[in-house]
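Please find one structure pasted underneath; my questions will follow.
The values are calculated or read from the model by the stated rules, or taken from the named source; none is laboratory data. All figures in this text were calculated on a predicted structure; none of them were measured in a lab. Cβ sites come from the backbone with ideal geometry, for glycine too, and all protein chains shown count toward neighbours.
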Number of protein chains: 2
Amino acid sequence: MRAMAAAAATAAAWAQRLAGVRGLLLDVSGVLYDGGDGGGTAIPGSVEAVARIKQSGLKLRFCTNESQKSRDKFVGLLQRLGFDISVNEITSPAPAACQILKERGLRPYLLVHDDVLPEFNEMDTSNPNCVVIADSGDSFSYQNVNKAFRVLVSLENPVLISLGEGRYYKESDGLMLDVGPYVKALEYACDIRAEVVGKPAPEFFQAALREMGLEAHETIMIGDDIVSDVGGAQRCGIRALQVRTGKFRPCDEHHPEVKADGYVNDLAEAVDLILQYANK
Amino acid sequence: MRAMAAAAATAAAWAQRLAGVRGLLLDVSGVLYDGGDGGGTAIPGSVEAVARIKQSGLKLRFCTNESQKSRDKFVGLLQRLGFDISVNEITSPAPAACQILKERGLRPYLLVHDDVLPEFNEMDTSNPNCVVIADSGDSFSYQNVNKAFRVLVSLENPVLISLGEGRYYKESDGLMLDVGPYVKALEYACDIRAEVVGKPAPEFFQAALREMGLEAHETIMIGDDIVSDVGGAQRCGIRALQVRTGKFRPCDEHHPEVKADGYVNDLAEAVDLILQYANK
């Protein structure tokens with residue numbers, strides 16, 4: 001009896017948390033797949049979970065801070081892993097950064113991975129008057145970071161635009177430093193603050209909502225980053241679940257500042273619950 | 001008449017600032033020499049200035065955050081540039097860090113330049129339970145920084161010991177990122193605070209005073225770093241002059257938090273003034 005009562009309470013709680021959800025924002029790395037040598041591997045059940053969302057009629061948008069690859073390359077990788085995904089379903093920081101550069105007449109020095117350079121093809125990079133920094137992996141050599149520093153320190157009003165500010169992400173052989181630590185390095189070196197494009201910036205979530213055609217209260221974010229995905233979405237009035245895959249760590253469930261609307265084992269479980277309770 | 005009065009006022013001001021000075025703490029990089037390819041170049045007048053201090057009977061100690069080379073290598077470089085200097089005249093962070101490691105039973109992962117490794121010869125680096133970070137130049141590759149991150153993130157109580165926390169220094173072909181930005185990167189990635197050994201830590205200045213055998217009020221620091229050299233010394237009750245060489249920038253003279261006891265063009269001018277006024 002007690003077990004049945006507990007299950008009923010849990011069901012009621014999920015029904016309340018998921019009421020009125022009409023669309024999903026999905027983080028990609030750590031939710032759909034874990035990166036690594038040879039492109040990475042799909043997280044079990046996630047290929048089917050994406051397919052089930054699409055079949056259900058719920059709206060769906062991929063909301064990623066991926067900035068090590070162009071969207072074309074990124075989508076190609078995910079398709080090879082079996083995902084039903086296309087470029088125009090992705091909200092990612094590089095196009096948003098290009099928009100800012102154009103509007104403000106900025107010429108970037110690009111501290112980015114070679115694979116994401118095509119996103120900046122139309123930008124004038126001569127005589128740079130700002131730095132754009134993205135997750136660069138091995139391209140974060142001392143020489144490259146120092147070049148970016150020299151550009152910034154030579155400017156009267158240094159502008160540093162960061163594609164996300166994640167601390168780290170998970171690849172198959174372990175955790176990898178993301179762009180955030182290198183942003184902090186340049187901020188400290190030049191005594192400046194970066195402008196962040198991407199999660200957790202509210203403008204970025206709002207762009208994803210616009211592109212999906214839904215309001216914040218109709219949407220739920222699913223991510224593995226308690227601060228950037230969950231906290232960022234919640235600050236915009238979007239509900240958010242954390243998956244226990246990717247960079248998730250058990251201490252995330254006791255984070256001092258951010259509490260997810262729910263914790264699930266993986267995307268497959270999240271989709272099970274949403275399909276069961278969202279329209280109840 | 002007016003010019004003579006002004007000169008007299010200036011002389012009186014210097015006499016007051018320098019009264020009772022019996023010993024000098026000299027920063028090295030940016031004060032004695034500028035580093036660069038081939039070892040660097042002596043700053044004009046500084047070789048003679050060091051010789052004049054030694055002839056004067058004033059006490060002298062070199063107080064440096066140099067952590068890219070062992071003291072032996074560093075002294076060899078400075079001797080080749082013409083300086084009268086020996087290893088036992090140098091206070092530098094690596095020996096202080098070794099003392100801490102021994103006292104606390106810490107086994108470091110060394111994120112340091114190969115040239116400084118000999119300073120850590122006696123340390124057990126197997127199965128590391130802390131990270132020691134120093135100015136590493138090109139050794140700050142993504143892979144090396146990420147290895148240090150993985151060590152820290154795997155520890156229950158991550159300990160990060162930093163040899164200095166300088167923002168940047170000057171080499172002959174331009175400014176170079178120092179260890180500080182990389183400390184901030186690891187602090188952000190792991191949500192921790194580093195323990196700084198070296199300037200501006202008070203313990204470091206106090207060790208230099210002990211080694212010189214003088215009290216703080218009898219001593220003056222000469223450096224090119226307004227925060228680390230000047231601010232750090234002043235917090236210990238040591239007077240401090242900033243030289244307009246090395247990494248000095250004109251805005252340093254209007255720093256919002258630190259005001260030097262005097263600004264001089266270079267070490268040669270500082271020594272002129274000290275020899276003229278210190279014992280008056």
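Against the condition away from every other protein chain (no Cβ under 14 Å), over 30 Å from A:Arg249 (Cα atoms), of a type in the set (Phe, Trp, Tyr) and surrounded by 19 or more Cβ atoms within 10 Å (Cβ to Cβ), how does B:Phe205 come out, does it pass? It would help to see each step written out before you state the result.
Numbers: away from every other protein chain (no Cβ under 14 Å): yes; over 30 Å from A:Arg249 (Cα atoms): yes; of a type in the set (Phe, Trp, Tyr): yes; surrounded by 19 or more Cβ atoms within 10 Å (Cβ to Cβ): yes.
Considered against the rule, which asks whether it is away from every other protein chain (no Cβ under 14 Å), over 30 Å from A:Arg249 (Cα atoms), of a type in the set (Phe, Trp, Tyr) and surrounded by 19 or more Cβ atoms within 10 Å (Cβ to Cβ), B:Phe205 comes out as yes.
A further question on this structure: With the requirement that a residue be touching a strand residue (DSSP E or B) at 6+ places or on another chain (Cβ under 6 Å) and touching a residue at least 40 places away in the same chain (Cβ under 8 Å), what does the stretch A:113-133 give you?
A:Val131, A:Ile133
Can you tell which of B:Asp229, B:Asp224 is in contact with a Phe, Trp or Tyr (Cβ under 7 Å, 6 or more places away or on another chain) and crowded, with 21+ Cβ neighbours inside 10 Å?
B:Asp224
Hey, another quick one. Can you report the number of residues in the stretch B:110-122 which are buried (at least 18 other Cβ atoms within 10 Å of the Cβ) and either within 14 Å of chain A (Cβ to nearest Cβ) or more than 21 Å from the chain's Cα centre (by Cα) (or both)?
Looking only at that region, the number is 3.
If you don't mind, another one. Read through the list (1) exposed (fewer than 15 other Cβ atoms within 10 Å of the Cβ); (2) in contact with a helix residue (DSSP H, G or I) (Cβ under 9 Å, 6 or more places away or on another chain); (3) not acidic (Asp, Glu), then give the number of the only condition that A:Gly105 fails.
(2)
Restricting attention to the stretch A:166-187, report how many residues are at the interface with chain B (Cβ under 9 Å from one of its Cβ atoms) and touching a Gly at 6+ places or on another chain (Cβ under 6 Å). Show your work before the answer.
Taking the stretch A:166-187 first, the residues at the interface with chain B (Cβ under 9 Å from one of its Cβ atoms) are A:167-168, A:174-178, A:180-187.
Restricting the remaining residues to those that are touching a Gly at 6+ places or on another chain (Cβ under 6 Å) gives A:167, A:178, A:180.
So the answer is 3.
Taking the criterion of being of a type in the set (D, E, K, R), facing chain A (nearest Cβ under 10 Å) and either crowded, with 22+ Cβ neighbours inside 10 Å or at positive phi (or both), would at least one residue in the stretch B:125-145 satisfy it?
Scanning the stretch B:125-145, I find no residue that is of a type in the set (D, E, K, R), facing chain A (nearest Cβ under 10 Å) and either crowded, with 22+ Cβ neighbours inside 10 Å or at positive phi (or both), so the answer is no.
Do any helices (runs of 4 or more DSSP H) entirely within the stretch B:1-95 hold 3 or more residues that are of a type outside the set (Asp, Glu), in contact with a strand residue (DSSP E or B) (Cβ under 8 Å, 6 or more places away or on another chain) and closer than 23 Å to B:Leu111 by Cα, and if so, which? Break it down into steps so the answer makes sense when it comes.
On the way: elements: B:2-18, B:46-56, B:71-80.
The helices (runs of 4 or more DSSP H) meeting that bar are B:71-80.
Which residue pairs have Cβ atoms under 8 Å apart, sit 6 or more places apart or on different chains, and have a first residue in the stretch B:134-151 that is within 17 Å of B:Pro108 (Cβ to Cβ) and in the same structural domain as B:Tyr109 (by TED's automatic domain parsing) and a second that is surrounded by 24 or more Cβ atoms within 10 Å (Cβ to Cβ) and among the charged types (D, E, K, R)?
Short answer, once both residue conditions are applied: B:Asp135/B:Glu66; B:Asp135/B:Asp178.
Continuing with this model, one more query. Kindly list the number of the only condition in (1) surrounded by fewer than 18 Cβ atoms within 10 Å (Cβ to Cβ); (2) closer than 19 Å to B:Lys147 by Cβ that fails for A:Asn157.
Only one criterion is unmet by A:Asn157, namely (2).
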